[in-house]
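The values are calculated or read from the model by the stated rules, or taken from the named source; none is laboratory data. Note that the coordinates shown come from a computational prediction; the quantities given were computed from them, not determined experimentally. Cβ atoms come from the backbone with ideal geometry, glycine included; neighbour counts cover every protein chain shown. Side chains are part of the model used for accessible areas, which takes the heavy atoms of the whole protein and leaves out ligands, DNA and RNA. Shrake-Rupley method; radii C 1.70, N 1.55, O 1.52, S 1.80 Å.
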Amino acid sequence: MRLALTALVLGFAVANPAHAEFELSFYTGFQTAPHSDVEGNDPNGIGKFDFTTAWEGRSNEMPPYWGIRGTWWQPNNIGYALEMNHAKVYADENDKEKNGFDILEFSDGINLVTVNVLKRWPSVERPWIPYVGAGVGVSVPHVEVETSSGKTFEYQLTGPAVQWLAGVSYPVSENWSVFGEYKGTYSQNEADLHDGGDLKTNIVTNALNVGVSFNF
């Protein structure tokens, strides 16, 4: 992912050396996820299932919640960005156990890779810069599911994803700035289970992020 962001930035720099402004941003924060429906089939274990579970974000537990974004800002303050967001969700202990799951989580990430469009509003009258954005992409979670039939533990491409965000950036030097933002995401996840079964769930996340950006 970092190689992809580096290639993106270098490509833009070669194409537009006189006008490009590039921003590489790193962030962490506090992320949650509301209830969602989980359905599918575990043919050699619990069979067909369809239930609603609460999700826990556990942002500060390992592996932590984080993200990286590379943005190419145009002279009109429109930005085009490539982003990797590493969110996490863990099914509620009671919900998973009463439905036959020993493990039901995406703790190595509901990893969303998105292409985004952003708009910012700099002003000579104030140092802080508000911005908003939205993007589309794909969900590549680490599927972690275990039932009586066995365990699925792997990264999968599971479906489309969208995200939206709004925040404020504050320059602290010529090249560095700090920022805070709200980020929301929605992903459709259709995972394959090890025994030929499947699991479907749509995940929404809400996060408050803090981060640092390097501009060049």
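Figures for the structure shown
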item	result
Selected residue [of a type in the set (S, T, N, Q) and within 30 Å of Gly196 (Cβ to Cβ)] from Asn60, Asn76, Asn41	Asn41
Val115, sole failed condition from (1) under 30 Å from Phe51 (Cβ atoms); (2) open to solvent by 60 Å² or more (accessible area, probe 1.4 Å)	(1)
In the stretch 43-90, the residues that are over 12 Å from the mean Cα position of the chain (by Cα), closer than 18 Å to His142 by Cα and part of a strand (DSSP E or B)	Trp55, Glu56, Tyr90
Test result for Arg69, more than 22 Å from Gly197 (Cβ to Cβ), basic (Lys, Arg) and modelled with pLDDT under 95	no
Residue match in the stretch 124-131 (condition: touching a residue at least 60 places away in the same chain (Cβ under 8 Å), over 30 Å from Gly47 (Cβ atoms) and either in contact with a helix residue (DSSP H, G or I) (Cβ under 8 Å, 6 or more places away or on another chain) or open to solvent by 10 Å² or more (accessible area, probe 1.4 Å) (or both))	no
Matching strands (runs of 3 or more DSSP E) fully within the stretch 155-216 where at least 1 residues are open to solvent by 60 Å² or more (accessible area, probe 1.4 Å), among the acidic types (Asp, Glu) and more than 22 Å from Pro64 (Cβ to Cβ)	176-192
Scope the stretch 1-23; condition modelled with pLDDT of 50 or more, under 30 Å from Asn206 (Cβ atoms) and either open to solvent by less than 50 Å² (accessible area, probe 1.4 Å) or assigned to a helix (DSSP H, G or I) (or both); matching residues	Phe22, Glu23
Tally of residues being over 15 Å from the mean Cα position of the chain (by Cα), at pLDDT 95 or above and open to solvent by 20 Å² or more (accessible area, probe 1.4 Å) across the stretch 139-149	1
Residue, surrounded by the fewest Cβ atoms within 10 Å (Cβ to Cβ), within the stretch 98-112, restricted to residues that are acidic (Asp, Glu) and modelled with pLDDT of 95 or more	Asp102
